[in-house]
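The values are calculated or read from the model by the stated rules, or taken from the named source; none is laboratory data. Every value quoted in this text rests on a predicted model; they were computed, and no experiment measured them. Quick reminder, even Gly has a Cβ in these numbers, built from the backbone with ideal geometry, and neighbours come from all protein chains shown. Accessible surface is based on the protein model in full, side chains and every heavy atom, while ligands, DNA and RNA are left aside. Shrake-Rupley method; radii C 1.70, N 1.55, O 1.52, S 1.80 Å.
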Amino acid sequence: MGYTLNFDAVWRSLELLLQGLALSLALAVVAILIGAVLGLALAFALKSKAWWLNRPALVYVTIVRNLPILVLVLFSYFALPQMGIALGKIESFVATLAVYATAYLAEVFRAGLQTIPRGLTEAGLAIGLTRGQIRRSIIIPLMLRNTLPSLSSTLISLFKDTSLAAAISVPELTFEARKINVETFRVIETWIVASLLYVATCSVIAALLRALERRLAIPR
Amino acid sequence: MSSLLEIQGLHKRFGTTEVLKGVDCAVRQSEVVAIIGSSGSGKTTLLRCINMLEDFQAGRIVLDGEEIGYETRDGVRRRKSEKEIARQRALTGMAFQQFNLFPHLTAAENVMLGLVKLKRMSRDEARTLAMRWLDRVGLAERADHFPGQLSGGQQQRVAIARAIAMQPKLMLFDEVTSALDPELVGEVLQVIKGLAADGMTMMLVTHEMRFAHEVAGRVIFMNGGVIGEEGNPKKMFLAPQTERLAEFLKSSSFN
């Protein structure tokens, strides 16, 4: 096919790729942290009996989950400034991914809350604990244990979604790979290395979460 | 002697179904009251109103001089604040049919949680006290086991220790032996008997007629949302005054 693999050019640019990867990870971590806090609040809102809490929460989750994330990314970077909300590209992307993460994590957490028996809340109330204390000491710790397996795949998805930041020229891993590709014409090598970096990072995330799951497992 | 607990005209509805249709009763300090009756008679609901696990629409519950759950100001009956109700719930202890131990905490930690969060004890103090109560229910050597590693009878004993450690004025037992295998019932009843001997005031919803007969100073027979009959178990079981109680006793396992 007349193409000989030569990784030299890619190795020389490896530092650039690793910098891109570091930015990808940073984008994901910040967005996930924001999304986890808001998603948890949203999960409780979804489960609330008060319509003025559960309705807006459901509308939010439904809209965000039915939008392609690329559309959200482009909308917040190009359309929001027209409406007077102008953010830098990194801030804009982190905010967008956080909005997205909130909706997905809310669903994961809601499913986790569903599995916690009502009797535990009643036992907490009977001792004299407030609902807030019960949430913090009993419900959230149990819910996190229940959701760790499905949380893992959601977090990995969110990390991979950072590649869409390339669409608005955020210099993360995919953006850097495309730049190296254009500058060196080592198409196959560049994308193979970038892919391996994504796969390796995702594997590490999965392994870390599995280790956490084992550590938190309740002996029986 | 005045009553520790006084209930007047208690009415409770679930939607349009009236479950309690005007219950009046009083419990004295150190009294052990068994509540019996067929399912749907309102006995568990009565117990759950006393610690506000259920709201109720009318009536008063007064525990040790405090009106539980509601206050009437300017002729308007209002539910007390969540914080106030939480404080009042700690005046009573409750053990449940399904134990409801916190599965991610050890036996000792289950007992310690309320002591640390509500009585503001240090973990060391709470642990010491928890060990004393676990020892009391015969489970000191299981203190660091998780609920999933304990038998049903052991879990229920931990649950009782968890409630008692908060030093409630009144203990509520809601069919605490119904979910247990027959051979595990005895160990739990033994613990309850010990508490009765120590002078703990208790109300027990139970299907164990023999136990009610043996431990309770008074039996309340709930029938259709009201008290059908009450009195000394020895007399009541021998010579029921109402047709309904006679039928109920015949159909229950007590002979």
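Hey, does the range B:75-86 have a residue that's more than 7 Å from chain A (Cβ to nearest Cβ), surrounded by 19 or more Cβ atoms within 10 Å (Cβ to Cβ) and under 30 Å from B:Val185 (Cα atoms)? Spell out the reasoning first.
Pass one, the range B:75-86, residues more than 7 Å from chain A (Cβ to nearest Cβ): B:75-81, B:84-85.
Among the residues that remain, those that are also surrounded by 19 or more Cβ atoms within 10 Å (Cβ to Cβ) are: B:85.
Next, from what is left, pick out any that are under 30 Å from B:Val185 (Cα atoms): none.
Checking the range B:75-86: not a single residue is more than 7 Å from chain A (Cβ to nearest Cβ), surrounded by 19 or more Cβ atoms within 10 Å (Cβ to Cβ) and under 30 Å from B:Val185 (Cα atoms).
Out of all the residues in the range A:87-121, which are within 14 Å of chain B (Cβ to nearest Cβ), assigned to a helix (DSSP H, G or I) and either over 18 Å from A:Asn146 (Cα atoms) or polar (S, T, N, Q) (or both)? Reasoning before the result, please.
Let us first name the residues in the range A:87-121 that are within 14 Å of chain B (Cβ to nearest Cβ), namely A:112, A:115-121.
Of the ones still in play, those that are also assigned to a helix (DSSP H, G or I) are A:112, A:118-121.
Result: A:Thr121, single match.
So which of A:Arg214, A:Arg220 is among the basic types (Lys, Arg), outside any loop (DSSP other than H, G, I, E, B) and closer than 29 Å to A:Leu144 by Cβ? Outline the logic, then answer.
Numbers: A:Arg220 fails: outside any loop (DSSP other than H, G, I, E, B).
Step by step, each of A:Arg214, A:Arg220 is checked, and only A:Arg214 is among the basic types (Lys, Arg), outside any loop (DSSP other than H, G, I, E, B) and closer than 29 Å to A:Leu144 by Cβ.
May I ask you to verify whether B:Gly93 is in contact with a strand residue (DSSP E or B) (Cβ under 6 Å, 6 or more places away or on another chain) and within 14 Å of another protein chain (Cβ to nearest Cβ)? Steps first, answer last, please.
Details: in contact with a strand residue (DSSP E or B) (Cβ under 6 Å, 6 or more places away or on another chain): yes; within 14 Å of another protein chain (Cβ to nearest Cβ): yes.
Yes.
Kindly indicate which of A:Thr62, A:Thr4 is part of a loop (DSSP other than H, G, I, E, B) and without any contact (Cβ under 8 Å) to a residue 24 or more places away in the chain.
Numbers: A:Thr62 fails: part of a loop (DSSP other than H, G, I, E, B).
Selected residue: A:Thr4, the only one of A:Thr62, A:Thr4 that is part of a loop (DSSP other than H, G, I, E, B) and without any contact (Cβ under 8 Å) to a residue 24 or more places away in the chain.
What residue, among those in the range A:70-94 that are in contact (Cβ under 8 Å) with a residue 60 or more places away in the chain and buried (at least 17 other Cβ atoms within 10 Å of the Cβ), is farthest from the chain's Cα centre (by Cα)?
Checked the range A:70-94; the qualifying residue farthest from the chain's Cα centre (by Cα) is A:Tyr77.
Restricting to the range B:118-174, count the residues that are in contact (Cβ under 8 Å) with a residue 12 or more places away in the chain, assigned to a loop (DSSP other than H, G, I, E, B), small (Gly, Ala, Ser) and open to solvent by 10 Å² or more (accessible area, probe 1.4 Å). Spell out the reasoning first.
Initially, the range B:118-174 is screened for residues in contact (Cβ under 8 Å) with a residue 12 or more places away in the chain, giving B:118-119, B:126-127, B:129-131, B:133-134, B:136-139, B:142-148, B:150-166, B:168-174.
Restricting the remaining residues to those that are assigned to a loop (DSSP other than H, G, I, E, B) gives B:118-119, B:137-139, B:143-146, B:150-151, B:165-166, B:168-169.
Still in the running and small (Gly, Ala, Ser): B:138, B:143, B:151, B:165.
Now drop any that are not open to solvent by 10 Å² or more (accessible area, probe 1.4 Å), which leaves B:138, B:151.
Residues meeting the conditions: 2.
Residues checked against (1) more than 14 Å from chain A (Cβ to nearest Cβ); (2) among the hydrophobic types (A, V, I, L, M, F, W, C):
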residue	(1), (2)
B:Leu46	yes, yes
B:Met52	no, yes
B:Gln57	yes, no
B:Gly65	yes, no
B:Leu101	no, yes
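Condition first: open to solvent by less than 60 Å² (accessible area, probe 1.4 Å) and within 26 Å of A:Lys89 (Cα to Cα). Now tell me which residues in the range A:23-66 satisfy that.
Selection gives A:Leu23, A:Ser24, A:Ala26, A:Leu27, A:Ala28, A:Ala31, A:Ile32, A:Gly35, A:Ala36, A:Gly39, A:Val61, A:Val64.
Keeping to the range B:56-101, report how many residues are touching a helix residue (DSSP H, G or I) at 6+ places or on another chain (Cβ under 8 Å), over 21 Å from B:Val19 (Cα atoms) and not aromatic (Phe, Trp, Tyr). Explain how you work it out, then say what you get.
Going residue by residue through the range B:56-101, those that are touching a helix residue (DSSP H, G or I) at 6+ places or on another chain (Cβ under 8 Å) are B:56, B:61, B:63, B:66, B:68-69, B:79-80, B:82, B:86, B:89-90, B:92-96, B:98-101.
Among the residues that remain, those that are also over 21 Å from B:Val19 (Cα atoms) are: B:63, B:66, B:80, B:82, B:86, B:89-90, B:92-93, B:95, B:98-101.
Add one more test, that the residue is not aromatic (Phe, Trp, Tyr), and what stays is B:63, B:66, B:80, B:82, B:86, B:89-90, B:92-93, B:95, B:98, B:100-101.
Total meeting the criteria: 13.
Can you tell me which residue among B:Ala159, B:Ala212 is touching a strand residue (DSSP E or B) at 6+ places or on another chain (Cβ under 7 Å) and farther than 30 Å from B:Leu105 by Cα?
Working: B:Ala159 fails: farther than 30 Å from B:Leu105 by Cα.
Step by step, each of B:Ala159, B:Ala212 is checked, and only B:Ala212 is touching a strand residue (DSSP E or B) at 6+ places or on another chain (Cβ under 7 Å) and farther than 30 Å from B:Leu105 by Cα.
Regarding A:Glu213, is this residue more than 30 Å from B:His145 (Cα to Cα) and either among the β-branched types (Val, Ile, Thr) or in contact (Cβ under 8 Å) with a residue 60 or more places away in the chain (or both)? Break it down stepwise before answering.
Values: more than 30 Å from B:His145 (Cα to Cα): no; either among the β-branched types (Val, Ile, Thr) or in contact (Cβ under 8 Å) with a residue 60 or more places away in the chain (or both): yes.
No: the conditions fail for A:Glu213.
Which condition from (1) of a type in the set (S, T, N, Q); (2) within 17 Å of A:Leu17 (Cα to Cα); (3) touching a residue at least 24 places away in the same chain (Cβ under 8 Å) is the one that A:Asn146 breaks?
That leaves (2) as the condition not met.
Taking the range A:147-175, which residues are farther than 30 Å from A:Thr115 by Cβ, open to solvent by 10 Å² or more (accessible area, probe 1.4 Å) and assigned to a helix (DSSP H, G or I)?
A:Ser163, A:Leu164, A:Ala167, A:Thr174, A:Phe175
State all residues of the range B:16-70 that are over 21 Å from B:Met209 (Cα atoms), open to solvent by 40 Å² or more (accessible area, probe 1.4 Å) and of a type in the set (Ser, Thr, Tyr); if no residue qualifies, say none.
B:Thr16, B:Thr17
In the range B:227-242, is there at least one residue being under 18 Å from B:Lys43 (Cα atoms), within 14 Å of chain A (Cβ to nearest Cβ) and part of a strand (DSSP E or B)?
Taking every residue of the range B:227-242 in turn, none turns out to be under 18 Å from B:Lys43 (Cα atoms), within 14 Å of chain A (Cβ to nearest Cβ) and part of a strand (DSSP E or B).
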